[in-house]
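Take a look at the structure below.
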Amino acid sequence: MTIKFNFRQRCIFNCLAALSIAFTAGPLVRAEEVPAYLRPNLPIDTRVRDLLSRMTLDEKIGQMVQADSGAVTNAADVQKYALGAMLSGGNSKPPENNPAAWSKMVDEYESWALKTRLKIPLLYGVDAVHGHNDVIGTVIFPHNIGLGATHDPALVEEAEHVTALEMAGTGIRWSFAPCIAVAQDERWGRTYESFGQSPGLVSEMAAAAVRGFQGRELSDRNDSVLACAKHFIGDGGTEDGVDQGDTVGDEATLRKLYLPPYRAAIRAGVECIMVSYSSWNGEKMHANKYLLTGVLKQELGFKGFLVSDDAGIDQISPDYQDAVETAVNAGVDLAMIPRGPGETNSYIEFIQDLKASVAEGKVPLTRIDDAVSRILWAKFEMGLFEHPYTDDPALTAAIGSAAHRQVARRCVRESLVLLKNENHVLPLSKTIKHLVVVGEGADDLGMQCGGWTIAWQGGMGAVTTGGTTILAAIRRAVSPETTVTYSPDAGGITNADAVVAVVGELPYAEGKGNATELNLDPGDAALVEKAKASGAPVVTILLSGRPLIPGSALDNSAAFIAAWLPGTEGQGVADVLFGDCRPTGKLPREWPRTADQAAANDLTGEPLFPLGFGLTY
Ligand code: BGC
């Protein structure tokens, strides 16, 4: 049995371990020549204090900057400005997109950080939100809404553990995940990043995901990456589901709906939390000292660091210095900045403005020291000072391995929610004579994966990565005697024993995904109708980031499955279609009956399917 310790317990252990070394090792003669912060056997707080005492204001402010690789036009800036962190935002990639190129790029930036006077390693982050999804060749898992439908925290922990392994294989030790939004209004284009609409389910999944990413110890560099719970707080509660909008309501409601997952994530040991772009009752979260410092850091005892969302600070005020000052005073420790030399609100400007604010006495040095200590603490805990580089080729070789894909396939199987199964049309027989597959979603990995897949907004077709489409999985599953015909537009269906229609939303991510209408595309509804006209029973598989109003497609289908955005492992869909596994997924959100009901976010009337609904066979 493995005993897991939380963050505080680990701090106490570190102190005890160091004390016992001091007592048993006798006088630390030669060790005194090595600065305390470089001695891994010392307690982390001693190392942090020692390092902080050696840092200039410039070096401290540099630590508080996370620059996007797309903005750092000259890698030497990492040394010049003593930058503390970098990221590859949604569309920032190395020139070639493969695991080796990612490792090389990250190691290159790291080498510049290690050229600084104090050799403080760089923290590098990416949005590994459903697998290590920026990198071609990795395994892409279902988006969180699908993971929520599994109601299986142990599986979610395993999935994020695989993601951590694949990240470590590219030298990246920090993921901006999990998103623990409790999405209320599904018109929000990020609904699929939310595990579900109830705080209880999201809390359970939040803790599981953090455990999966961070593993037993953050210092286990081969199977642990720093998790980052996001976006604090109320991101999924904005009025009309507007992205980056305003969450309106009293504090009791805010706490009841959106705070529990943060409590759970902190208890599970999360050491980074990202601030939300959204506002609460008109005040930008990046400026909200009461919630960031008062509630999160003081009341909940969050000891990790708070990172801003990308250019989130800029939204506080048109006067950038004022915005920087407000955010830092509110409790933001690390500023994520997508702009570089020659651009407004660049990381250079942030450094100059924050320095000026400190000189003017508007940001106290104690606040700077607190922010930097939190960031350094994470770096020490992760063992970055001892092991700043990727150095395990076995991890790189395991990226996209069959074993990793197997975990994702299980996630897919468990995420499918069977909404209708008339006359027990499912499971289909593997020896069915003639199966016709229709709909462009059947043979499109990009559509199957959704947004945040290779590109920020995702993309259709083979622009994405390796994997198995639903059509390929069906072909693999059936007997050699079965004929599978693929007719994307459902034209010319003859002598079919059953038709599988794969329809749904085209890929999107934040911003682009905001919707006012949530009807199934009329073209998709027509396709299902056309399939039904063939006389064969139709099994509809819906690929979507949220419930859609199915209209006639539900009536025209004998069976209807919500498959969410399953990712690269289409075989998980075939496993359920052909009865290798019984469907077990349950709705993580209510399914509205009408577009009006969805648009008004008014589920007080009968929903089409209630929360927790899911048939089986
Ligand atoms: C998103 C975050 C993401 C960040 C970095 C922002 O636009 O809101 O969720 O982590 O970009 O890519």
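The values are calculated or read from the model by the stated rules, or taken from the named source; none is laboratory data. Remember, predicted model here, so these are calculated numbers, not experimental data. Note: ideal-geometry Cβ built from the backbone for every residue, glycine included; neighbour counts use all protein chains shown. The accessibility values were calculated without ligands, DNA or RNA, using every heavy atom of the protein model including side chains. Shrake-Rupley method; radii C 1.70, N 1.55, O 1.52, S 1.80 Å.
Listed conditions (1) crowded, with 21+ Cβ neighbours inside 10 Å; (2) outside any loop (DSSP other than H, G, I, E, B) are all met by V363, apart from (2). Number of residues in the stretch 169-185 that are open to solvent by less than 10 Å² (accessible area, probe 1.4 Å), touching a Leu at 6+ places or on another chain (Cβ under 7 Å) and more than 14 Å from the ligand (Cβ to nearest atom): the value is 2.
Contact map, the stretch 308-325: first residue within 16 Å of K362 (Cα to Cα), second residue buried (at least 19 other Cβ atoms within 10 Å of the Cβ) and acidic (D, E), Cβ cut-off under 8 Å, separation 6 or more or different chains; pairs are Y320/D314; Y320/D353; Q321/D353; A323/D314; V324/D353; E325/D353. Considering only residues in the stretch 91-143 that are in contact with a strand residue (DSSP E or B) (Cβ under 7 Å, 6 or more places away or on another chain) and modelled with pLDDT under 95, the one that is nearest to R39 (Cα to Cα) turns out to be S92.
On the stretch given as the stretch 346-360, residues that are assigned to a loop (DSSP other than H, G, I, E, B) and among the charged types (D, E, K, R) total 1.
Could you please find all residues in the stretch 412-458 being away from the ligand (no atom under 16 Å from the Cβ), part of a loop (DSSP other than H, G, I, E, B) and either among the basic types (K, R) or at positive phi (or both)? Residues satisfying the conditions are K430, K433, G439.
For the stretch 105-142, a residue qualifies if it is within 16 Å of the ligand (Cβ to nearest atom) and β-branched (V, I, T), and the qualifying residues are V106, V126, V129, V135. Evaluate the stretch 134-149: report whether one residue or more is in contact (Cβ under 8 Å) with a residue 40 or more places away in the chain and closer than 20 Å to Q79 by Cβ. Taking every residue of the stretch 134-149 in turn, none turns out to be in contact (Cβ under 8 Å) with a residue 40 or more places away in the chain and closer than 20 Å to Q79 by Cβ.
Looking at the stretch 91-104, can you tell me whether even one residue there is under 22 Å from the mean Cα position of the chain (by Cα), within 16 Å of the ligand (Cβ to nearest atom), on the phi < 0 side of the Ramachandran plot and crowded, with 24+ Cβ neighbours inside 10 Å? Looking through the stretch 91-104, at least one residue is under 22 Å from the mean Cα position of the chain (by Cα), within 16 Å of the ligand (Cβ to nearest atom), on the phi < 0 side of the Ramachandran plot and crowded, with 24+ Cβ neighbours inside 10 Å. Take the conditions (1) more than 16 Å from the ligand (Cβ to nearest atom); (2) assigned to a strand (DSSP E or B); Q321 misses just one of them, which is (2). If you go through the stretch 567-586 and keep only what is within 16 Å of Q448 (Cα to Cα) and assigned to a loop (DSSP other than H, G, I, E, B), you end up with G567, T568, G570.
For the stretch 371-394, which residues satisfy the criterion of being assigned to a helix (DSSP H, G or I), in contact (Cβ under 8 Å) with a residue 60 or more places away in the chain and either not small (G, A, S) or not assigned by TED's automatic domain parsing to the domain that holds N41 (or both)? Listed by number, the residues that qualify are V372, R374, I375, L376, W377, K379, F380, E381. Tell me, please, whether a residue that is within 16 Å of the ligand (Cβ to nearest atom), of a type in the set (A, V, I, L, M) and either modelled with pLDDT of 95 or more or surrounded by fewer than 24 Cβ atoms within 10 Å (Cβ to Cβ) (or both) can be found in the stretch 336-355. Yes. When the stretch 408-427 is filtered for residues that are touching a strand residue (DSSP E or B) at 6+ places or on another chain (Cβ under 9 Å) and open to solvent by less than 50 Å² (accessible area, probe 1.4 Å), the ones remaining, listed by number, are A408, C411, V412, S415, L416, V417, L418, L419, K420, N421, V425, L426. Per the conditions (1) in a helix (DSSP H, G or I); (2) more than 14 Å from the ligand (Cβ to nearest atom); (3) at pLDDT 95 or above, the sole criterion not satisfied by G196 is (1).
Is it the case that the stretch 64-86 has a residue that's open to solvent by 20 Å² or more (accessible area, probe 1.4 Å), within 29 Å of T465 (Cβ to Cβ), in contact with a Ser or Thr (Cβ under 8 Å, 6 or more places away or on another chain) and within 16 Å of the ligand (Cβ to nearest atom)? Yes, some residue in the stretch 64-86 is open to solvent by 20 Å² or more (accessible area, probe 1.4 Å), within 29 Å of T465 (Cβ to Cβ), in contact with a Ser or Thr (Cβ under 8 Å, 6 or more places away or on another chain) and within 16 Å of the ligand (Cβ to nearest atom).
In summary, D314 fulfils each of the numbered conditions (1) open to solvent by less than 10 Å² (accessible area, probe 1.4 Å); (2) within 16 Å of the ligand (Cβ to nearest atom); (3) assigned to a helix (DSSP H, G or I) with the single exception of condition (1). Evaluate the stretch 327-335: report whether one residue or more is under 19 Å from D68 (Cα atoms) and in a loop (DSSP other than H, G, I, E, B). Scanning the stretch 327-335 turns up at least one residue that is under 19 Å from D68 (Cα atoms) and in a loop (DSSP other than H, G, I, E, B). For the stretch 66-110, give me each residue that is of a type in the set (S, T, Y) and under 26 Å from G458 (Cα atoms). Across the stretch 66-110, the qualifying residues are S69, T73, S88, S92, S103.
A search for C-beta distances below 8 Å between a residue of the stretch 508-519 that is on the phi > 0 side of the Ramachandran plot and any residue that is away from the ligand (no atom under 12 Å from the Cβ) and open to solvent by 30 Å² or more (accessible area, probe 1.4 Å), counting only pairs 6+ apart in sequence or on different chains, returns nothing. Among the residues of the stretch 183-206, those identified as more than 14 Å from L587 (Cα to Cα) and of a type in the set (A, V, I, L, M, F, W, C) are W188, M205, A206. Among the residues that make up the stretch 158-178, is at least one of them part of a helix (DSSP H, G or I), touching a Phe, Trp or Tyr at 6+ places or on another chain (Cβ under 7 Å) and closer than 19 Å to P507 by Cα? Checked the stretch 158-178: no residue is part of a helix (DSSP H, G or I), touching a Phe, Trp or Tyr at 6+ places or on another chain (Cβ under 7 Å) and closer than 19 Å to P507 by Cα.
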